[in-house]
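Colleague: Quick one: structure below, then a few questions.
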Amino acid sequence: MTPLEELRHSSAHVLATAVMRLFPNARLDIGPPTDTGFYYDFDLDHKFTAEDLEKIEAEMKKVIKENQRFDMREVTREEALAHFTENNQTYKIERLADIPEGDPITFYQNGEFVDLCAGTHVRYTKQIKAVKLLSVAGAYYRGDEKNKQLQRIYGTAFPTKQELEDYLVRLEEAKLRDHRKVGKDLNLFHIDEAVGQGVVLWKPAGAVVRQELQNFISEELTRQDYKQVFTPHIGKLGLYKTSGHFPYYQDSQFPPVISREYLDQAAHEGCSCAELASRLEEGDIEGYLLKPMNCPMHIKIFDSQQHSYRDLPVRLAEFGTVYRWEQSGELNGMTRVRGFTQDDAHIFCTEEQVPQEINGCLELVKIVLGTLGIADYRVRIGLRDPDSDKYAGDPVTWDKAEAALREAAKNLGVPFTEEEGEAAFYGPKIDFVVKDVIGREWQLGTVQVDYVLPERFDINYIGSDNQPHHPVMIHRAPFGSMERFCGVLIEHFAGNFPTWLAPEQIRVLTLNDDMIPYAEEVRAQCKAAGLRVGIDKASEKLGAKIRKAELEKTPYMLVVGEKEREAGCVAVRSRINKSAEGTKPLAEFIEHAIAEVKERRLAQS
């Protein structure tokens, strides 16, 4: 572990020590460090409250002040079992069973608290200088919603009090930017239990943001000679068995659907559900699957006609919706969902064309992030784990693909890291990992090189030697998931979208009811110019109307009164300046706004 991980891991043990002092009947599960802090899971009939967290944190400070030493000792399996049985720690007994026979079993003890732990820790509790408990939430045991829900207490720790204070300030800022809160306030999206967890309903305002992003990327796709395609939401199970997605990711997919004719036949034969499931699994009967990936269908489009090497590269693009069965405890607003749309594309090319095509894909991701002002990101090359057997294909082609990505990453001119085990089962990849306002990382844009699927589906092009050859396939998605990207984008802008993305770009504010006809004229001219504009006709004071427009994060407010009507002008207020910018001829303002939108400027100017 790094020193920071050791500090946070030790803080988790101090948390458990304090809880066991205050709630001795609590049963413990695990308490690991995380990227932003630590947590510990407890099984207790009493429901932790905010007041409880304050008491637990106070007790933690007592433990820290006692300067308890962290001591490690190796024990036998029998000793560990006896200890946890005596203390009624059933979850620890199950965790003990996870340790393979022959592997060392170690206890760490600080004061009276003993935990099953592989380490490592700081030497003494007084080395924990700055710790804070943050929240409590439900968490299913082992992340499985079929298991009991435990109580998870989250906290964080830093080497210094100043670092902790800085983090807490960022955390408060993040709460204000939380896409779930902002999305609700601005009516961008809705998730309804009657529709299903993890399934996003895009409301009209959110649909505008999404459509503008799609328009933006579509322009770039046209420039790079991509061809748009559309594919269905469901396909035969055999398609995904051939690709390998079904066996590799079976647990994270929606269950297959049996075709109607087989259901009727099974009912006639008196076949049980278990027998049907077994026959479906073995491929004896036909089933359909909500598509977890778009690539097999794009492969079939490529394979539907003959291609020469002169036709390559063939670039197929689709805003394709896919479905994954995420555990309910892992769902989170728009950033972790069960149905999402990828700005997906697949390039079929010769091996010689791979470097150029990768560079084009990476350049596209950089254009997307640059246009949106997302500058805090890192590049990660996901490689195969040489000790794992999950990766398909010839090691020789894997070496070629990994080498191509390394070279492309060097040409990007930004720092990159290589991480084993992060590759897809069919090929290595480059991910753009974006850091948000509180330091969390989100994997967004991705580019993957694939020699495996063209071979599995036996797709070919005719080479210059007049012989069939498998193309190399490049998977790429600059946004990744539209849902996740928009969730991160909402927080990035705190809902203050640049004018080109704003659902409502302009709001006309009337000084009194007599100005409504002129306000309608202003609205009509702005709308005719392609701008999104609304009117506030309410019989309220101007200050209240301005405040409402600011809260709803409208970029421009146009105030119209008798003076403006007579001059054919508007009094302009911008969201950024929060003050009047003066009276301008309407035509001049429209020209300015059109230029701002067309150039996709990040700030009003």
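Colleague: Using 0.36 nm times the number of residues separating GLN604 and TRP325, minus their current alpha carbon distance, what extension gain do you get?
Modeller: On the way: separation 279, 0.36 × 279 = 100.44 nm, distance 4.12 nm.
Gain in length upon complete extension: 96.3 nm.
Colleague: Let me ask something else. Only bridges whose two residues both fall in the chain count here: according to DSSP, what percent of them are antiparallel, nearest 5?
Modeller: 85
Colleague: Kindly rank 290-298, 452-460, 484-492 from highest to lowest mean number of other beta carbons found within 10 Å of each residue.
Modeller: Highest to lowest by the protection proxy: 484-492, 290-298, 452-460.
Colleague: With unit charges on the beta carbons (Lys and Arg positive, Asp and Glu negative) and the dipole taken about the Cα centre of the range 3-173, which residue among PRO33, ILE128, PRO100 sits farthest to the positive side?
Modeller: The listed residue farthest towards the positive side: ILE128.
Colleague: Same structure again: May I ask you to sort TRP398, TRP202 by Cβ crowding, counting other Cβ atoms within 10 Å and putting the fewest first?
Modeller: Ranked by crowding around the Cβ, least crowded first: TRP202, TRP398.
Colleague: Normalised by the number of residues in the range 385-516, what is the relative contact order in percent for Cα pairs under 8 Å and 6+ residues apart?
Modeller: Once normalised by length, the contact order is 18 percent.
Colleague: Still on this structure, please answer the following. How high is the relative contact order of the range 506-598? Use alpha-carbon pairs under 8 Å, at least six apart in sequence, and give a whole percent.
Modeller: In percent, rounded to a whole number, it is 28.
Colleague: Kindly provide the chymotrypsin sites (Phe, Trp or Tyr not before Pro) of the range 317-351 that DSSP labels as loop, not H, G, I, E or B, and whose Cβ sees at most 16 other Cβ atoms within 10 Å.
Modeller: Working: sites: PHE319, TYR323, TRP325, PHE340, PHE348; in loops: TRP325.
Here the sparse-neighbourhood loop sites are TRP325.
Colleague: About its Cα centre, what dipole magnitude does the range 4-65 give when the only charges are +1 on Lys and Arg Cβ and -1 on Asp and Glu Cβ, stated in debye to the nearest 20?
Modeller: Details: 8 positive and 12 negative charges, 66 e Å.
Charge dipole, the range 4-65, about its Cα centre: 320 debye, nearest 20.
Colleague: Quick check on the chain: helices-only [θ] at 222 nm, where DSSP H runs of length 4 and up contribute -39,500 (n - 2.57) each and the sum goes over total residues. Nearest 500, please.
Modeller: -12000 deg cm²/dmol
Colleague: Follow-up question, since we're still on this one. Please report the projected area of the range 296-403's Cα convex hull averaged over all directions, in nm².
Modeller: Averaged projected area of the range 296-403's Cα convex hull equals 10.0 nm².
Colleague: Looking at ILE594, GLN149, TYR461, which one has the Cα that reaches farthest to the positive end of the dipole of the chain (charges on Cβ: Lys, Arg +1; Asp, Glu -1)?
Modeller: The residue sitting farthest along the positive end of the dipole is ILE594.
Colleague: In square nanometres, what is one fourth of the surface area of the convex hull spanned by the alpha carbons of the range 3-173?
Modeller: 10.1
Colleague: Right, another one. Report the calculated FRET efficiency for GLU86 and GLN162 (r = Cβ-Cβ distance, R0 = 51 Å), to the nearest 0.05. Show your work: numbers first, answer last.
Modeller: Numbers: r = 43 Å, r/R0 = 0.85.
After rounding to 0.05, the efficiency reads 0.70.
Colleague: Further question: Remind me, relative contact order of the chain in percent, using alpha carbon pairs under 8 angstrom and six or more residues apart?
Modeller: 11
Colleague: Sticking with this structure for a sec: Let me spell out the model: positive unit charges on the Cβ of Lys and Arg, negative unit charges on the Cβ of Asp and Glu, origin at the Cα centre of the range 506-598. What dipole size does that give, in debye rounded to 20?
Modeller: About 440 debye.
Colleague: Given +1 on the Cβ of Lys and Arg, -1 on the Cβ of Asp and Glu, and no further charges, what dipole in debye does the chain carry about its Cα centre, rounded to the nearest 20?
Modeller: Here the chain has a charge dipole of around 2200 debye.
Colleague: Same structure again: By a straight-distance test (C-alpha under 12 Å), which aspartates and glutamates pair with LYS537 as possible cross-link partners, with residues fewer than eight away in the same chain excluded?
Modeller: ASP513, ASP514, GLU520
Colleague: Please compute the Kirkwood hydrodynamic radius over the range 480-525, one decimal place, Å, based on all pairs of different Cα atoms.
Modeller: With all distinct Cα pairs of the range 480-525 included, I get 13.1 Å.
Colleague: With the dipole of the chain worked out from charges on the C-beta (+1 for Lys and Arg, -1 for Asp and Glu) around the Cα centre, which of THR90, MET20, ILE535 lies farthest toward the positive end?
Modeller: ILE535
Colleague: Using just the alpha carbons, could you tell me how many Å³ per residue the convex hull of the chain encloses?
Modeller: 218
Colleague: While we're looking at this one, here's another question. Report, in cubic angstrom per residue, the convex hull volume of the C-alpha atoms of the range 419-541.
Modeller: In the range 419-541, the Cα convex hull volume per residue is 182 Å³.
Colleague: How long are the three semi-axes of the equivalent ellipsoid of the range 506-598, in whole Å, if each is the root of 5 times an eigenvalue of the C-alpha gyration tensor, listed from largest down?
Modeller: They are 18, 16, 12 Å, listed from largest to smallest.
Colleague: How large is log10 of I(q)/I(0) for the range 551-602 at q = 0.14, 0.17, 0.25 Å⁻¹ when the intensity is taken from the Debye formula with one equal scatterer per alpha-carbon?
Modeller: -0.38, -0.55, -1.02
Colleague: Once the Cα gyration tensor of the range 338-496 is diagonalised, what are the square roots of 5 times its eigenvalues, in whole Å and ordered largest first, as equivalent ellipsoid semi-axes?
Modeller: Calculated on Cα positions only, the semi-axes equal 30, 17, 15 Å.
Colleague: Over the range 139-265, consider all pairs of different Cα atoms and compute the Kirkwood hydrodynamic radius from their mean reciprocal separation; express it in Å, one decimal.
Modeller: It is 20.5 Å.
None of the figures in this text is laboratory data; all of them are computed from the coordinates on show. None of these values were measured; they are calculated from a predicted model. Cβ sites come from the backbone with ideal geometry, for glycine too, and all protein chains shown count toward neighbours.
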